[in-house]
1. For B:Thr87, indicate whether it is touching a residue at least 12 places away in the same chain (Cβ under 8 Å), over 22 Å from B:Trp202 (Cα atoms) and in a helix (DSSP H, G or I).
2. I'd like the full set of residues that are more than 7 Å from chain B (Cβ to nearest Cβ) and surrounded by fewer than 16 Cβ atoms within 10 Å (Cβ to Cβ), limited to segment A:43-70.
3. Check A:Ala23, A:Ala95, A:Ala58 and return the single one that is touching a helix residue (DSSP H, G or I) at 6+ places or on another chain (Cβ under 9 Å), under 30 Å from B:Leu158 (Cβ atoms) and not aromatic (Phe, Trp, Tyr).
4. Let me spell it out: the conditions are (1) within 16 Å of A:Val143 (Cα to Cα); (2) at pLDDT below 95, and A:Ile113 meets all of them except one. Which number is the exception?
5. Return the total of residues in segment B:1-43 being free of Cβ contacts under 8 Å to residues at least 60 places away in the same chain, in a helix (DSSP H, G or I) and among the polar types (S, T, N, Q).
6. Need at least 3 residues that are touching a residue at least 40 places away in the same chain (Cβ under 8 Å) and surrounded by 15 or more Cβ atoms within 10 Å (Cβ to Cβ) per element, so show me which strands (runs of 3 or more DSSP E) inside segment A:84-147 make the cut, counting only ones lying wholly within it.
7. Among B:Leu165, B:Leu159, B:Leu194, which is the only one that is within 20 Å of B:Asn107 (Cβ to Cβ) and in contact (Cβ under 8 Å) with a residue 24 or more places away in the chain?
8. So for segment B:76-85 (the condition being more than 8 Å from chain A (Cβ to nearest Cβ), under 15 Å from the mean Cα position of the chain (by Cα) and surrounded by 15 or more Cβ atoms within 10 Å (Cβ to Cβ)), does at least one residue qualify?
Amino acid sequence: MLIIGNNHKLNDTGLSFVELLIAIIILTIGLVFSLHVYSQSFKLRTLTSERLFASSWAESNLEQLSCIPFKDLIPGRIEANREEKKIELNAGSPASTLIIPPLPENMEGSMEIMLVSKTLKWITVKVDWGQDTTSQLEFTTFVEKRF
Amino acid sequence: MNKNGISLLEIIVVTLVFSLLLIVVMLTTSSSFKESSRIDKHVQLTSDVATLLAYIRSDMERCMTDNRDSPLEITKESISVDKHKLTFKVIEDNGFSFISYEWNKDNRSILRKTANREILLCKNIVMSFEPEHMGLIQQGNEGISLSIENISAQSPKLLRTWVKLNISVEISESLMPENPPSQVYEPVIYPVKLNRLITSKWYE
């Protein structure tokens, strides 16, 4: 132990091998953390375009269902899949034809028509492409009986 | 006084490990910097396309006509598409007017033109903008979707109409020479009010 000036003690013991290894481990943890941030920002990139695709898909289906005559909106649930789907909501009525655009593999979509009253129906379109709430969309609208 | 320092061998080992780690850190930082810039551009593309689609959807909600002819005439008069241009008639407070969306190849943007205003959307990013006017016709007991161009006055009845867009966007290579981010969208937009008018024609 060296004593300099007014009793200031200076430790001249060098860094041990173990201490250096600990420093490296800390650095590695930092590196792993930065890699994690990197992977998170990559997720953000895909999430933004997926969200735009999903909202556009849901909106166009909601619009399309709103165009179908009230009597042909038969309450029920419709699932979307990987291929374009063409279905008649009310069998025998071509005006009830619903053309559902395909969804990518990582997405699941569904539409639900519910009867609220004799003159009101509730339509919900859902898209789901992950576990968290940022990867889910749900749009709803009401359709009234007009004639 | 403890004089146990580090041996030469230990210094070499530590320096080697540290150098390797430093190289990895530098490579990761540099690639994450590049990727971060790509993500910024990617988000910018998505946000610009979202704005364009919001404009078109919002305008399409007002698509309407005072034409009282057949459903086919109504839809042909209300919506028209050129190769890179979409025009449609909208209802305003004081009557009807036209709104158009046109791709400008030179500045790679979409020009939205109303009766009294012009704005540029998706500036410098649009590689293609191809609208397609579609219709659902009744053939027998089935609904068939066709391009409006292929539907003649003699065709069976028109049940619904919509516009399918094909938009591709890309960041200019001058801004990002290496692998510029690009995206393709094929949104489908239904003019709900106009379709209700078409449906009501079949009940008259």
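The values are calculated or read from the model by the stated rules, or taken from the named source; none is laboratory data. It should be emphasised that the depicted structure is a prediction, and the values quoted were computed from it without experimental measurement. When we count neighbours, we look across all protein chains shown, and the Cβ atoms used for this are built from the backbone with ideal geometry, even at glycine.
1. Answer is no for this residue.
2. Matches in segment A:43-70: A:Lys43, A:Thr46, A:Phe70.
3. On inspection, the qualifying residue turns out to be A:Ala95.
4. Of everything listed in (1) within 16 Å of A:Val143 (Cα to Cα); (2) at pLDDT below 95, A:Ile113 misses just condition (2).
5. 8
6. Result: A:108-117, A:120-128, A:136-144.
7. B:Leu165
8. yes
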